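The values are calculated or read from the model by the stated rules, or taken from the named source; none is laboratory data. Since the structure is predicted, the reported quantities are computational estimates derived from the model, not experimental observations. Glycine gets a Cβ as well: all are built from the backbone with ideal geometry, and neighbour counts include every protein chain shown. SASA here: full protein model, heavy atoms, side chains in, ligands and nucleic acids out. Shrake-Rupley method; radii C 1.70, N 1.55, O 1.52, S 1.80 Å.
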Amino acid sequence: SHIMSEYVRMTDTERDQIDQDAQIFMRTCADAIQQLRTEAHKGVQSAQVKEHRTAVLDFIEDYLKRVCKLYSEQRAIRVKRVIDKKRL
């Protein structure tokens, strides 16, 4: 309940700023993963090292996608609440 009371105290402006920052952060992470993917395949490496790096980057990218999906679901809930509130 303490967490919910803190949530209620946030203004819409603060929530919008958090949304904007989160989107920028997710884009930055996706770009960084892509850069790492490009760098990981440069130079001469054994097939095992290449395969390992690819697997690690795939895992990180999948994790980011799951985080983005969770964020989108939470944001959709917030938008729905705002719409419902305006209808009342």
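Please give the number of the condition VAL44 fails out of (1) within 30 Å of MET10 (Cα to Cα); (2) open to solvent by 70 Å² or more (accessible area, probe 1.4 Å); (3) modelled with pLDDT under 90.
The single condition VAL44 does not satisfy is (1).
Would you pick out the residues in the range 3-28 that are of a type outside the set (A, V, I, L, M) and at pLDDT 90 or above?
The answer is GLN17, ASP19, GLN20, ASP21, GLN23, PHE25, ARG27, THR28.
For the range 67-87, give me each residue that is within 12 Å of the chain's Cα centre (by Cα) and either loosely packed, with under 10 Cβ neighbours inside 10 Å or acidic (Asp, Glu) (or both).
Scanning the range 67-87 gives a single hit, GLU73.
Under 6 Å between Cβ atoms, at least 6 apart or on separate chains: pull out the pairs that start in the range 18-30 with a residue that is within 24 Å of ASP58 (Cβ to Cβ) and end on any residue that is among the hydrophobic types (A, V, I, L, M, F, W, C) and surrounded by 11 or more Cβ atoms within 10 Å (Cβ to Cβ).
Hits for this filter: MET26/CYS68; CYS29/LEU64.
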